[in-house]
1. Only one of (1) in contact with a His (Cβ under 9 Å, 6 or more places away or on another chain); (2) loosely packed, with under 14 Cβ neighbours inside 10 Å is not met by Gly42, so which one is it?
2. Given Ile28, Ile55, which one is touching a residue at least 40 places away in the same chain (Cβ under 8 Å), within 24 Å of Gly79 (Cβ to Cβ), touching a helix residue (DSSP H, G or I) at 6+ places or on another chain (Cβ under 7 Å) and not basic (Lys, Arg)?
3. From Lys64, Lys69, which residue is surrounded by 11 or more Cβ atoms within 10 Å (Cβ to Cβ), free of Cβ contacts under 8 Å to residues at least 40 places away in the same chain and either in contact with a helix residue (DSSP H, G or I) (Cβ under 8 Å, 6 or more places away or on another chain) or not acidic (Asp, Glu) (or both)?
Amino acid sequence: MMVLMFVIMYFLIIRPQKLRQKELEARIAQVKTGDKIVTTSGIHGRVTNVKDKTIKVKVDTNTKLEFEKTAVASIVPKGDAGSKSDEAEDTSEDDENAESA
């Protein structure tokens, strides 16, 4: 009976966690300069430099932040239609800010 409970716990808890860990390691290994990413804290930006354990992310015109690679939550696909509208939205905001100044 105890063995059966352990087997059930293995398939419900331990195995899925190992799979998530492998996916995270693969995602971290794929990060390269120029990728648009989202961090675990919700910061969106473009990778400007990749080091052994850290990455530098450009989040605004003159703002770069350095993160641990493990802080990468997702990589935004290059063909993502949403990213183009985000860039257009950022440009229009910059134009509005320039006009009001």
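Laboratory data are not the source of any read-out in this text; all were calculated from the coordinates shown. This structure is a prediction, so every number in the text was calculated from the model and none was measured. Don't worry about glycine lacking a Cβ; one is built from the backbone with ideal geometry, like all the others, and counts go over all protein chains shown.
1. (1)
2. Numbers: Ile55 fails: touching a residue at least 40 places away in the same chain (Cβ under 8 Å).
Exactly one residue qualifies, and that residue is Ile28.
3. When all the criteria are applied, what remains is Lys64.
Yes/no matrix, rows are residues, columns are (1) in a helix (DSSP H, G or I); (2) exposed (fewer than 14 other Cβ atoms within 10 Å of the Cβ); (3) within 15 Å of the chain's Cα centre (by Cα):
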position	(1), (2), (3)
Met5	yes, yes, no
Phe11	yes, yes, no
Pro16	yes, yes, no
Leu19	yes, yes, no
Thr33	no, yes, yes
Ile37	no, no, yes
Lys56	no, no, yes
